[in-house]
2 protein chains.
Amino acid sequence: MEDRQDIHNAGVPVLCEACEARHRGICGALSPDQLLGLSKTSSKQKIEAGAELVGDQETIDHYSNVLGGVVKLTKTLSDGRQQIVGLQFAPDFLGRPFRSESAINAEAATDVALCSFPKATIERMMKESPGLEHLLLTQTLKELDEARDWMVTLGRKTAAEKVASFLLLIARNIDPTAQTKSGASFDLPLTRADIADFLGLTIETVSRQLTRLRADGVIRIENNRHVVVDNMSRLEARSGI
Amino acid sequence: MEDRQDIHNAGVPVLCEACEARHRGICGALSPDQLLGLSKTSSKQKIEAGAELVGDQETIDHYSNVLGGVVKLTKTLSDGRQQIVGLQFAPDFLGRPFRSESAINAEAATDVALCSFPKATIERMMKESPGLEHLLLTQTLKELDEARDWMVTLGRKTAAEKVASFLLLIARNIDPTAQTKSGASFDLPLTRADIADFLGLTIETVSRQLTRLRADGVIRIENNRHVVVDNMSRLEARSGI
DNA sequence: CGCCCCGTTGACCTCCCTCAAATTAGGTGG
DNA sequence: CCACCTAATTTGAGGGAGGTCAACGGGGCG
C-alpha cells in the first residue's frame, strides 16, 4: 500500500525482479505476461510484529506472498485457549483459496514483508495456467505434510521433545546454513507465549525446558531471543524422532 | 484385483455406474473418455480391517478411492509411539501425489472397499484435464483444514473434550442423518487403542472418559462399539468448541 | 471349557499446569 | 548515562489431570 513508486515501475515488473517468490514461490509459475498483469495490481507491504493479517471469520479479498519474516496461523477456542496451527516463511503463499471466509487467524509473528494482490486476479490466472494451480497444490501438500508431522509432536511427544522439535524447525527454516553445517545460529521469531501456543504447553514449561537445554549445554541463549546450537545432532537426539 | 469380471465390463464403465466417487469424489472431474480409460485399469477391492494399505517408506504406484469403510493414516516415532494423523471416509482419495515415497502409513481401520488405479494413469490425466487437479487441490485443502482443526484438539483440549470431539467427528462422518436430526447412532470405526492414538491419550483415559459420558447420560454404548447420542448439542457442549 | 483379545476399573505416581514472586530486558524521559 | 517503568522471562512451590501398572470382566472361537 505504501510504496507507490513500485507500482508505477510496473510497466516492466521491476517489483518482481529481485523477488524470491519468482524463484521458489508461486510467481514462478506465471508467464511474463501474467507476471506483468499481476504486478500492476500488486503492492509490497511492511507489516510490523503483532499486526493481524487475516482475521478469523473475516472476508478475504487479497492473497499475499510472504517475502520476509514469519507469519503465524492461529485458531482459538471460545474460552480463549489458542493454538498455532502453522508458521509461514518466505516465499510461502498466504491465503485460503476458493473460500471467502477463513476459519483461521493470521498474524505477523515478526516484522513481515508481504506482496499482496487481489484474490480475483490470481483466481483468474489459475484458470488460465494450470501450472499455477499445480504449484498451489504442491504448496498445500507440503503444508499438509507439515501439519501432520506437527500432530505427532502435539499428540505424542513430551514437553522436552516438543521444545527440541521446535528449535529444529526454526533452525531449518531461518538459518540457511543449518542444512550443511553441524551447528546453527538464529533469532527466535516467536515469544515464549507463542512458542507455548505452538507446542500446546504453558509459557512456564517452555521456559523451563529451554533452561534445561541450556544447562545441559545443548544450546546457548543470548538476550532471550538469540539461540546458538553448536551441535545439531545433540538437539535432534532430544527431539524424539 | 479379485473381481475380474468388472474389468471386462469396462467397455461401458459399469464399474463406475453406481460409484459414489463419480458424484462426490475425484472421478467426477473426468470426461466420459477419461473415465473409460481409467476404469480399464481400475479394480475394486475389499480389504479387511487391520490390513496395511500403504507402508511407511514404501514406494507407491497405485492410488485409490475409498468407497466404503474407514482408513486411518498413522505416523510412528522410532520408539513406537503412534499418532493417527487423519481418517479417510468414502469418497476420499487415498494417496500422496507427486512423491514416490510416503512418510505416512495407511491402514484399514474397518473393512474397507477401495477402487485402485495406477499412479501413472491418473497423473497423466491430471496433465490433460485441469479440472482433476483442481478437485485434488480442493480435497487437499479440506484435509489441511481438518488437520489444523485437529491440531487444536491435540494441543489445547482436555481428555474429556478430546473424546467428545472424536464422537462428534465420527457421528458427522458415519451417520448421515446426524446433520439434520438432533441425535445420532453409529458404530465406532476404531478400537479404543486407535481412538487413543487419534487423540494423543492412553486407552485407559479414553475408556474412563467414555464411561463418564455414559454415566452422565450424554451417550449410550451397546456392545462396546455402538454409540447412541440422543442429544447432539449436549455432546457439542462438552467438546470445547 | 479354556484361551485370547478387548475393554473397564482401581491405585498410585509423574509430568505438566497453576499460582505467585523474583529477575531481566527494553523503552522512555530526564 | 542513569533512573524508572513496563512487559517478558525465569524460577519456585504445590496440586491435579492424565499416565502407568495391575487386576478383572466379557465376548468370540477353537
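All of the numbers you see were taken from the coordinates with simple rules; none came from a lab. Just so we're clear, the structure is a prediction, and the values are computed from it rather than from any experiment. Glycine also receives a Cβ, built like all others from the backbone with ideal geometry; neighbour counts cover every protein chain displayed.
Of the residues B:Leu141, A:Thr121, B:Ser165, the one whose Cα sits farthest toward the positive end of the charge dipole of the protein assembly as shown, with +1 on the Cβ of Lys and Arg and -1 on the Cβ of Asp and Glu, is B:Ser165. Estimated from helices alone, the mean residue ellipticity of chain B at 222 nm is -12500 deg cm²/dmol (sum of -39500 (n - 2.57) over DSSP H runs with n ≥ 4, per residue). Computed from phi, the 3J(HN,Hα) profile of segment B:83-88 under the Karplus parametrisation 6.51, -1.76, 1.60 (θ = phi - 60°) reads 9, 7, 9, x, 10, 10 Hz, with x in place of Gly and Pro. Convex hull volume per residue, computed on the Cα atoms of the protein assembly as shown, equals 158 Å³. From least to most packed, judged by other beta carbons within 10 angstrom and beginning with the fewest, A:Thr158, B:Thr191 follow the order A:Thr158, B:Thr191. Label-point distances for A:Ile241 to the equivalent site in the other copies, using a point 7 angstrom along Cα→C-beta, read 4.3 nm when ranked shortest first. Orientation-averaged projection of segment B:99-211 equals 9.4 nm² [convex hull of Cα atoms, one quarter of hull surface area]. Angle of helix B:119-128 to the longest C-alpha principal axis of chain B, folded into 0 to 90 degrees and rounded to 10: 70°. Fraction of C-alpha pairs exceeding 21 angstrom in chain B: 60 percent, rounded to a whole number.
Give the Debye-formula value of log10 I(q)/I(0) at each listed q (0.15, 0.19 Å⁻¹), with one equal scatterer per alpha carbon of segment B:184-227, two decimals each. Calculated log10 I(q)/I(0) at the listed q: -0.35, -0.56. A Förster radius of 41 Å combined with the Cβ-Cβ distance from A:Ala215 to B:Glu236 puts the calculated FRET efficiency at roughly 0.35. Across the identical copies, the label point of A:Ser182 (7 Å from Cα in the Cβ direction) is separated from its matches by 6.8 nm, in order from shortest. In this simple spin-label model, placing a label point 7 Å from the Cα along the Cα-to-Cβ direction at both B:Gln179 and B:Thr191 gives a separation of 3.3 nm. Ascending distances from the A:Ala18 label point to its copies in the other chains, with the point 7 Å along the Cα-to-beta-carbon line: 6.6 nm.
Note on the protein assembly as shown: with charges restricted to the Cβ of Lys and Arg (+1) and Asp and Glu (-1), its dipole about the Cα centre is near 800 debye.
Relative to the dominant Cα principal axis of chain B, helix B:159-174 is inclined by about 40°. Placing +1 on the Cβ of every Lys and Arg and -1 on the Cβ of every Asp and Glu, with nothing else charged, gives segment A:121-215 a dipole about its Cα centre of roughly 440 debye.
Our note on the geometry: Cα centres of segment B:16-82 and segment B:151-229, 26 Å apart. Binning the alpha carbon pair distances of segment A:152-238 at 10 angstrom intervals from zero yields the distribution 18, 57, 25, 1, expressed in whole percent.
Expressed as a fraction of 2.2 N^0.38 Å, the value expected for a compact globular protein of N residues, the C-alpha radius of gyration of segment B:5-136 is 1.06.
Fewest neighbouring Cβ atoms within 10 Å first, the residues B:Glu48, B:Glu20 line up as B:Glu48, B:Glu20.
So which of A:Lys142/B:Lys46; A:Lys44/A:Lys142; B:Lys40/B:Lys127; A:Lys142/B:Lys119; B:Lys46/B:Lys119 end up more than 22 Å apart by C-alpha? As for pairs spanning more than 22 Å Cα to Cα, those are A:Lys142/B:Lys46; A:Lys44/A:Lys142. For chain B, the longest principal axis of the alpha carbon atoms and the long axis of helix B:203-215 meet at an angle near 70°.
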